[in-house]
1. Is region 77-139 rounded, prolate or oblate when judged by the Cα gyration tensor, a ≥ b ≥ c being the square roots of its eigenvalues, rounded requiring a/c under 1.5 and prolate requiring a/b larger than b/c?
2. Near the amide H of ILE34, under 5 Å away, which other amide H atoms are found, from residues 5 or more places off or on another chain, if H is placed in the peptide plane?
3. Lys/Arg Cβ at +1, Asp/Glu Cβ at -1, dipole of the chain taken about the Cα centre: which of CYS266, CYS88, PHE127 is farthest positive-ward?
4. Counting pairs of alpha carbon atoms under 8 Å apart in space and at least six apart in sequence, what relative contact order in percent does the chain give?
5. Springs between alpha-carbon atoms under 10 Å, Gaussian network over the chain: tell me which of TRP275, TRP81, TRP51 tops the mean-square fluctuations.
6. How big is the antiparallel share of DSSP beta bridges in the chain, given as a percent to the nearest 5?
7. With a bin width of 10 angstrom, please list the P(r) values of region 9-112 as percents of all Cα-Cα pairs, from the 0 bin to the one holding the largest distance.
8. Express the carbon and sulfur contribution to the solvent-accessible surface of region 148-260 as a percent, rounded to the nearest whole number, probe 1.4 angstrom.
Amino acid sequence: MITIRQFVSAWSIRHSFGNNDKKRDKGQTTPDNILRYDNIVYGNDERYAKWQLLDVYRPRAQEGEKLHKLPVIVSVHGGAWVYGDKDCYQFYCMNLAQRGFAVVNFSYRLAPEVKFPASLQDTARVFDWVYDNAEQYGFDLDRLFAVGDSAGAHLLTMYADALTNKAFGKQFDFINSERIHLKGVALNNGKYRLDDEDSKIKLLLSGLMPNGGTEEEIKLLDAASHVTAAFPPAYVMTCVGDFIRPQSTIIKEALEAAGVKHIFKCYGTEEKPLWHVFHCDPKLEEAALCNDEECAFFRSL
């Protein structure tokens, strides 16, 4: 059941974030050198079918050239678990594709309409879809990567945890850890621990979790605490000006403690600060640098 406070909170975030994303994306169009496949159904929830869709973007092949295998990036969007879809990530994802990758950009079911673990289930479904459709779309499964930002970085970390931490993964039988192998991830401006006393976070958790954000549920959602040595190599990004910048230290320390290969990078300066998920704006010089460096990290693995 959705309370009035949960609904109002989600509406407020959707309205505010949506306006900012529209301003960011104004005037942008699909690049001529990108081939896109849109609105592919990957789920079976008839009630929320609009949220179980994905796009695939690839560099456009030369005329007459066969579709060849490319390394793959799956993008897990942010939005405080209540906002966001593939449409507001399309230009960022096509920009990644221009760097020589096939990019899978998907929407997932949002809170408070649908409770956790729906968003994690949808993330798992998309990775399964990638494996099932690799031949048709030219995916190189030996070079499978993923990016996630904000709440998307949290979901991606949870998913990677479940793939690589057997004890944790047993709680999510819909994640196929024997089949899926993530070669590397990029965690951007992420939220990794949700034990805040902040009233807004508590309200979001009350709409996200089936039992309203109990102590046990918050412990389950502590993505950093489930990291093991088997976690995929990670590029952790934050920036001066990000309102949740301290969260990046939490995942950095968890990766260090587990001995996971990683790069930690903070963009911007005190004189020229950036902002939360700045990297999603392809027109921004600092975003281009960040996305170049993350893609270079993937190629190095």
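The values are calculated or read from the model by the stated rules, or taken from the named source; none is laboratory data. These numbers were taken from a predicted model, which means no experiment stands behind them. Reconstructed Cβ throughout: ideal geometry from the backbone, glycine too, with neighbour counts over all protein chains shown. Calculation scope for accessible area: heavy atoms of the full protein, side chains included, ligands and nucleic acids excluded. Shrake-Rupley method; radii C 1.70, N 1.55, O 1.52, S 1.80 Å.
1. oblate
2. ARG60
3. Of CYS266, CYS88, PHE127, it is CYS88.
4. Computed over the chain, the figure is 16 percent.
5. TRP275
6. Bridges in the chain that DSSP calls antiparallel: roughly 30 percent.
7. Using 10 Å bins, I get a P(r) of 15, 41, 32, 10, 2, 0 for region 9-112.
8. Details: 2240 of 4620 Å².
Of all accessible area on region 148-260, carbon and sulfur atoms account for 49 percent.
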